[in-house]
Amino acid sequence: RKLKGDLAVRTIAAQANPNGGRMTQFVYRFGGGVSDGDARTRSNKNLLGGKGANLDGMAAIGLPVPPGFTITTEMCALYYAQGQSFPDNVRAEVAQGVVHIEAVTGKRFGDPANPLLVSVRSGARVSMPGMMDTILNLGLNDQTVLSLAAATKNERFAWDCYRRFIQMYGDVVIGVQKREGEDHDPFETVIHGFKHEKYHGDIEDSKLTAADQQELVRRFKALVHDRTGKNFPNNPWDQLRGAAGAVFGSWMNDRAKVYRAKYGIPSEWGTAVNVQAMVYGNTGDTSGSGVAFTRNPANGTNEFYGEFLLNAQGEDVVAGVRTPEPVAGLKAQMPNSYAELMKVRAILEKHFKDVQDIEFTIQEGKLFMLQTRNGKRTAMAALKFSIDMVKEKLINWQTAILRNPADQLEQLLAPVFNLAEVKKAKVIATGLPAGPGAATGQIYFNADRAVIAAEKGEKVLL
């Protein structure tokens with residue numbers, strides 16, 4: 001049976017029990033004191049993906065995780081086997097998951113008066129940073145944006161969220177593409193053009209007014225229709241199905257395929273989809289978002305290491321559009337939130353027995369944890385982490401040795417700059433290192449051009 005409209009979706013959800021009498025469960029809920037997984041399932045990254053398993057794990061030990069649910073990696077395989085569609089029983093399980101989030105938050109999905117907004121993120125069993133797609137603020141439309149503005153008494157914030165949602169959804173789900181000869185993302189081109197048209201120069205996104213954001217929403221919708229011939233979807237359930245399908249679809253995008261080939265990740269593993277209640281880092285100067293490691297992943301120092309932005313959503317921190325600040329700066333700007341983060345840092349290392357790479361949002365002074373995973377690290381840092389954690393009795397020496405495979409130790413032999421020469425050098429720019437050792441070459445800011453140059457024999461830095 002085809003599910004038509006909000007009422008039909010909720011009716012099927014209400015009639016289904018947690019397992020629905022089915023042999024296979026495809027949706028697992030977490031947060032708000034509810035968990036469909038047990039201790040065995042909770043650690044099952046093969047089923048829930050790394051993000052889903054760790055979200056469920058954090059919720060189970062009492063950390064502040066927004067409620068949500070995970071659609072399993074098994075559904076990813078079924079999605080492709082069924083011609084990239086969702087069977088009715090899975091739609092019913094997803095609807096149950098939405099009802100769970102509604103019960104915890106007191107909001108309703110698609111309700112014009114009290115709308116629930118969600119994020120939709122990928123989560124494979126192994127970390128694949130930046131390879132697959134994310135959609136935030138799903139559930140907004142021309143009616144719910146007005147309710148969000150009224151509920152938060154922040155019109156600019158509401159329209160900013162709507163603008164971001166249209167940009168992400170238009171790119172990831174609807175497929176707004178660059179045209180031949182265009183170097184930049186079409187949505188960013190629209191923003192850039194608007195800023196110069198109205199302000200005669202480039203200003204930070206946070207300086208745009210509610211009216212500015214409303215105008216950008218109008219222009220973004222026109223861009224979607226112009227590039228695809230489609231209108232932007234208003235129905236939140238259509239938005240959710242489209243987003244979940246797009247996240248499963250991103251498992252087969254070019255970035256993900258290249259990454260899997262490089263790191264030997266089988267394509268049969270698939271990805272999970274995580275749907276979670278939205279929390280907002282962009283409501284003002286008492287809010288923000290950040291990414292951090294519980295210890296320094298470059299040199300192994302036992303220090304909280306990362307970046308954050310005030311009045312920003314998580315994608316702003318990693319997108320390169322705005323320059324973030326060191327996370328240590330939170331101590332002065334939000335001392336209570338920073339102190340809570342320090343407690344969470346210790347709890348995570350004690351629970352997972354390893355250095356964690358986390359994502360967090362602070363909404364009007366309240367901390368929320370959005371992700372944790374074992375942090376990637378250089379060989380130098382891995383060696384120091386292992387030695388220190390044995391001394392701290394977090395792990396034993398056998399585990400420490402297993403975390404330092406022989407091929408990784410080759411990184412310690414990579415060439416590095418002579419520190420005396422570095423001190424003499426004239427610095428013209430700085431950046432965050434993305435690999436071990438040191439290198440010289442011509443700088444390129446475009447991956448395709450870097451490949452062409454390297455094939456011609458140039459020494460290239462991407």
With just the Cα atoms of the range 396-454, tell me how far they stretch along each of the three principal axes, in Å, largest first. 44, 34, 17
R295 long-range amide H proximity, modeled H, under 5 Å: Y305, Q356
Pairs of Cα atoms farther than 15 Å apart, the range 178-277, %: 75
Return the Rg/Rh value of the range 334-462, two decimal places, where both radii are evaluated on C-alpha atoms and Rh is the Kirkwood radius. 1.07
Accessible area per residue in Å² at 1.4 Å probe, computed on the chain: 50
Taking r as the C-beta separation of N374 and M252 and R0 as 41 Å, the FRET efficiency to the nearest 0.05 is 0.95
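Pairs K257/K376; K331/K391; K207/K343; K107/K153; K51/K376: which exceed 22 Å Cα-Cα?
K331/K391; K207/K343
Taking the convex hull of the alpha carbon atoms in the chain, what volume per residue do you get, in Å³? Don't skip to the answer; put the middle values down first.
Working: hull volume 82.3 nm³, N = 462.
So the per-residue Cα hull volume is 178 Å³.
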Coordinate range along principal axes, alpha carbons of the range 222-267, Å, largest first: 40, 24, 9
What's the percent breakdown of Cα-Cα distances in the range 259-388 across 5 Å bins, shortest bin first? 2, 10, 18, 20, 19, 15, 10, 4, 1, 0
Residue order for D285, D212 - accessible surface, 1.4 angstrom probe, largest first: D285, D212
The range 109-211 - Rg (one decimal) and Dmax (whole number), Cα, Å: 15.8, 47
Rank D56, D238, D185 by accessible area, highest first, at a 1.4 Å probe radius? D238, D185, D56
If you count only protein heavy atoms and use a 1.4 Å probe, how large is the accessible surface of H351, to the nearest 10 Å²? 90
Given the options Q411, G193, G175, identify the residue whose Cα lies farthest towards the positive end of the charge dipole of the chain (+1 on Cβ of Lys, Arg; -1 on Cβ of Asp, Glu). Q411
Cα-Cα P(r), the range 77-130, percent of pairs per 10 Å interval: 19, 36, 35, 11
Counting only protein heavy atoms and using a 1.4 Å probe, what share of the accessible area of the chain belongs to carbon plus sulfur, as a whole percent? 54
Leaving out ligands, DNA and RNA but keeping every protein chain, what accessible area does S85 have, in Å² rounded to the nearest 10, with a 1.4 Å probe? 40
Over 15 Å, how big is the tail of the calculated P(r) for the range 356-424, in percent of all Cα pairs? 68
Debye intensity ratio I(q)/I(0), log10, the range 227-318, q values 0.19, 0.22, 0.23, 0.26 Å⁻¹ (C-alpha model): -1.15, -1.11, -1.10, -1.11
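The values are calculated or read from the model by the stated rules, or taken from the named source; none is laboratory data. Since we're looking at a predicted model, the values are computed, not measured. Cβ sites come from the backbone with ideal geometry, for glycine too, and all protein chains shown count toward neighbours. We work out accessible area using only protein heavy atoms, side chains counted, and drop any ligands, DNA or RNA first. Shrake-Rupley method; radii C 1.70, N 1.55, O 1.52, S 1.80 Å.
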